[in-house]
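Here's the structure, in structure tokens; my notes come after.
The values are calculated or read from the model by the stated rules, or taken from the named source; none is laboratory data. This structure is a prediction, so every number in the text was calculated from the model and none was measured. All Cβ positions, glycine included, derive from the backbone under ideal geometry; neighbour counts span all protein chains shown. Side chains included, ligands, DNA and RNA excluded: accessible areas come from the protein's heavy atoms. Shrake-Rupley method; radii C 1.70, N 1.55, O 1.52, S 1.80 Å.
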Amino acid sequence: MLHFVYRNLLLILFSVSTRPILQSFVSSYKSDFFRCDSVENGSLTPPYACSYSHSAKAGRTSHLAVSTEEGAVHIFDTRKRSEWDPEPIRTTLRPHDNGVYDVKWSASDSCLATCSADRSIRISCINTSQVLHTLTGHASSVKRAAWHPSNDSLVCSGGRDGMICIWDLRIRQSNALGQSSVFNIPNAHESLLPSGRRTKQHTPKTITNLILNEGMNLVSSGSSDGVLRCWDLRFLSSSTIRSTAKSKRFTPSLCTPTDPTTLHGSRRPRGILSLTKGTGPSSGLLFALGADSRIHTYVASSLSSLPISFTDPNIQVNGSFYISSAVSPCGEWLASGGGKSALLFDIAAAAKPYARASPGVELKAQTGEVYAVDWADGMLASCADDRTVRIWRPDVDVYRRCLEDPDDYKWKWSWSVSS
């Protein structure tokens, strides 16, 4: 792919460090700028979440799904265009009448799963814009969804009610409001007794993130601490799924042994806002943005935390659980929302002994708080509560000109700021 050829050439020019590439990210005020239009009137509406398609991450398309406060999803074509080209025609879906906190593409990119404050998950067809499934069972807002990486029929969800639900779209068992889950894990992030069983809690602990892996193990994070939990779901492939699910007392197969949010001077554990999986050189790692404004690193196979963490003075989470982080398709970079800008970090060496976290690179263009971010091949999207979406791309030539003549180029481009 052209992006990787370009990246490798830059690596040769700048020795081994990829930080100069991160510093070369720029965004055009005209061709890399999208507004989140309201579907009800002529105003704008805040974006809550964004997700690039799997095809975009592989460099084949440039489709970005952005969910909004009023229950809509805009699908933008973010391909690179000239300054005066009009925005490509966007597709807009309205699966909900309330805020959509998460949006995820299925493995085939044919469907979107959306999680809403209306306590449901909707599965929408990209080609027809029709809702194919309404998944109900959560007692409060649904915060996160995760598709199986190769099966468009398996979806997991986590909510403010502290419950994880597993859905098989092929099984049409239903309730009064919609399709029912095939298996639930209630109070999934309650405190565990020495026996491994959970204690009873009066206030549910919100499920903040989910990662469903190929081998049917599910990793989850919660709002109360930095302990990740892994759930073995292999029994769900059994033909006796219903009887097995009813009789099974479910406990996590793995838990993080030491909470990393308590290791940097915090007086109490802090929850995880965003959890993302490493690829390429960061494969085998998980990166979690905590409410302590640090990005903690975990070994995926054991859920143990590594000494290295990434932070920056510009990450100011302020207790918000809308903030996201994402690893680039090449696996060398991590982007995070939080504060007035998006932050980029070089994570390629995170698993190496004695690795040190380099300072972040700040991407500042939007006037509101930057919450959601996601990567495609050769580009990064950032969504802010000023109701805009920005696309950032590495361009050494434009970046050099911006530095040489900032007074002229500041009206056309935004460029990185080294922290």
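Structural remarks
- Accessible surface of the chain [probe 1.4 Å, protein heavy atoms]: carbon and sulfur percent: 51 percent
- Shape call, the range 37-103: gyration tensor on alpha carbons, a/c limit 1.5: oblate
- Two-decimal Rg to Rh for the range 269-419 - Kirkwood Rh, Cα set: 0.98
- Mean accessible surface per residue for the chain, computed with a 1.4 Å probe while every protein chain stays in place, in Å²: 43 Å²
- Remark: the Cα gyration tensor places the range 65-114 in the oblate category, a/c being 1.5 or greater and a/b not exceeding b/c.
- The angle between the Cα long axis of helix 2-13 and the longest principal axis of the Cα atoms of the chain comes to about 60 degrees, rounded to the nearest 10.
- Net +/- balance of residues flanking ILE126 in space, Cβ distance below 12 Å, scoring K and R +1, D and E -1: -2
- Loop trypsin sites (Lys or Arg not before Pro), the range 342-403 (other Cβ atoms within 10 Å of the site Cβ: 15 or fewer; DSSP): ARG356
- For the range 125-150 and the range 92-115, distance of Cα centres in Å: 6 Å
- Of the GluC sites (Glu not before Pro) in the range 52-105, the ones in a loop by DSSP (not H, G, I, E or B) with at most 14 other beta carbons within 10 Å are GLU83.
- Rolling a 1.4 Å probe across all protein chains gives THR68 an accessible area of roughly 0 Å².
- Full extension of the chain between ASP97 and THR203 gives 35.5 nm of extra length, using 0.36 nm per residue less the Cα-Cα distance.
- Rounded to the nearest 10 Å², the accessible area of LYS57 at probe 1.4 Å: 60 Å²
- Other residues within the sphere of radius under 11 Å centred on the Cβ of SER253, judged by their own Cβ, net out at +1 (K and R +1, D and E -1).
- Relative contact order computed over the chain (Cα-Cα under 8 Å; 6+ residues apart), in percent: 15 percent
- In the range 248-315, trypsin sites (Lys or Arg not before Pro) in a DSSP loop with at most 12 other beta-carbon atoms within 10 Å: LYS248, ARG249, ARG267
- Label separation (GLU40 vs ASP232): 4.8 nm, computed from points 7 Å beyond Cα along the C-beta direction.
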